[in-house]
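Below: one structure, written as structure tokens.
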Amino acid sequence: MTDLAALRKSYERAELSEDASHADPLRQFAQWLTEAIRAKIPEPNAMTLATVDCSLRPSTRVVLIKGYDENGITWFSNYNSRKGQELATNPWAALQFHWVELERVVRIEGRVEKVSAAESDAYFASRPLDSRIGAWASPQSQVIASRSVLVSNAALYGARFLLHPPRPLHWGGYRLQPDSWEFWQGRKSRLHDRLRYRLDSDQRWIRERLAP
């Protein structure tokens, strides 16, 4: 049996200072994401999405970022899924990137909205055929009898749409509009660097250091 309490790691790869970081959190995020991609770490675009339902019960899952700009962070999913239902009830959510090999974490919080139908259509059309069929075949988050349900559905919709499945109306994009960012860089002796960016009343980003 592994002694979990004895597991230790010393974080010594890098540091994050106010002088060396960007005043705009989007630029800081772009730099770190680019460095994660260049480092060829596994799935640098994977992020944990946290939502809360109407009874205040939280849930998380991993989704993939598909775009980012001054308007926010974008991903795509099934609107009828658990996360979709929770976002319809409570549009506030949180995202987290954890780049283990770089000893870095980025946390993002804000309000979520659906992207336009045109944007969802454009991304859906760019997906591999199997993924487009899969969007029809999977009643995401619903109980199914067995995997054969998915296989059967995929065959059914594959035969129906052939090479040109349209985007299902229950599938599309979300965009989180950040009002808070946190950049975490692991440091030695657990004295980690944490820089938070928050919007003030004039919609300007305030950068401040948090104790680890």
request  = Could you list, in sequence order, all residues of the stretch 30-60 that are within 13 Å of the chain's Cα centre (by Cα) and within 17 Å of Gly110 (Cα to Cα)?
outcome  = Met47, Thr48, Leu49, Ala50, Thr51, Thr60
query = If we scan the stretch 75-91, do we find a residue that is open to solvent by 30 Å² or more (accessible area, probe 1.4 Å), under 21 Å from Ser180 (Cα atoms) and under 14 Å from the mean Cα position of the chain (by Cα)?
reply = no
ask   = In the stretch 135-148, is there at least one residue being over 29 Å from Thr89 (Cβ atoms) and either in contact (Cβ under 8 Å) with a residue 12 or more places away in the chain or not small (Gly, Ala, Ser) (or both)?
value = yes
task = Answer yes if at least one residue in the stretch 103-111 is free of Cβ contacts under 8 Å to residues at least 60 places away in the same chain and at negative phi, and no otherwise.
result = no
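The values are calculated or read from the model by the stated rules, or taken from the named source; none is laboratory data. Keep in mind that this is a model prediction, so the values were computed, not measured. Please note: Cβ atoms are built from the backbone with ideal geometry, for glycine as well, and neighbour counts cover all protein chains shown. The accessibility values were calculated without ligands, DNA or RNA, using every heavy atom of the protein model including side chains. Shrake-Rupley method; radii C 1.70, N 1.55, O 1.52, S 1.80 Å.
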